[in-house]
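Throughout, read-outs are computed from the coordinates displayed, never taken from laboratory work. From a predicted model like this one, the values you see are computed outputs, not experimental measurements. Cβ placement follows ideal geometry from the backbone for every residue including glycine, while neighbour counts extend to all protein chains displayed.
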């Protein structure tokens, strides 16, 4: 199978995971918001398939869930998440391609993607708040992007680098 077709197939798998993983916490939306399970496959897609595929999967995933399931709500949540997750896919794929393929750099890549993605999320929420004539200030940003997200950040930091190493060991990385 050629590399482009493999990227398409892997990206479809990551999109499917982004769609179904939130069902694990469907009975507890607060836990779901804290764990951010949709973020995991998007970050992995960027690392494994490259930035264009990670960006696309990240942008589509929350909108697809919103349009098909009504969760997350389209405005402001799914739209802001689409920009956040697209940024995760973009940054994780781009930095993986540019930085040395060593464990320490996976963390640099991952943490950079998470910081920039959260800043983009905050910017999107602020812009949407202006359009909807609702307030989205620094306290709301801090709560949504950092304080409430600490469990999800921890899960991402613990799981993503070892998963990348598994993909590498099995010669499944397509972003080389």
Please report how far the C-alpha centroid of the range 136-174 lies from that of the range 1-46, rounded to the nearest whole angstrom. 12
Does anyone have the angle between helix 39-49 and the longest principal axis of the chain? Alpha-carbon axes, 0 to 90°, nearest 10? 30
Once the Cα atoms of helix 3-20 and of the chain are each reduced to a long axis, what angle between those two axes, in degrees from 0 to 90 to the nearest 10, is obtained? 40
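Rank the residues 88, 106 as a footprinting-exposure proxy: fewest other Cβ atoms within 10 Å of their Cβ go first.
Fewest-to-most Cβ neighbours within 10 Å comes out as 106, 88.
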Compute from the Cα atoms of the range 1-98 the Rg and the Dmax, the latter being the longest Cα-Cα distance, and quote both in angstrom. 13.0, 42
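Please state the shape class of the range 78-176: rounded when a/c is under 1.5, otherwise prolate if a/b exceeds b/c and oblate if not, all from the C-alpha gyration tensor.
prolate
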What are the equivalent ellipsoid semi-axes of the range 61-109, built from the alpha-carbon gyration tensor (square roots of five times its eigenvalues), in whole angstrom, biggest first? 30, 8, 8
For a label point 7 angstrom out from the Cα of residue 23 toward its Cβ, which stretches of the range 55-80 have the backbone nitrogen within less than 20 Å? 58, 60-73
Rounded to 10°, Cα long-axis angle of helix 150-169 versus longest principal axis of the chain: 20
Order of 11, 66 under a 10 Å beta carbon neighbour criterion, fewest first: 66, 11
In deg cm²/dmol, rounded to the nearest 500, the helical mean residue ellipticity at 222 nm of the chain, built from -39500 (n - 2.57) for every DSSP H run of length 4 or more, is -24500 deg cm²/dmol
Sorted by mean Cβ packing within 10 Å, highest first, what order do the peptides 91-103, 134-146 take? 91-103, 134-146
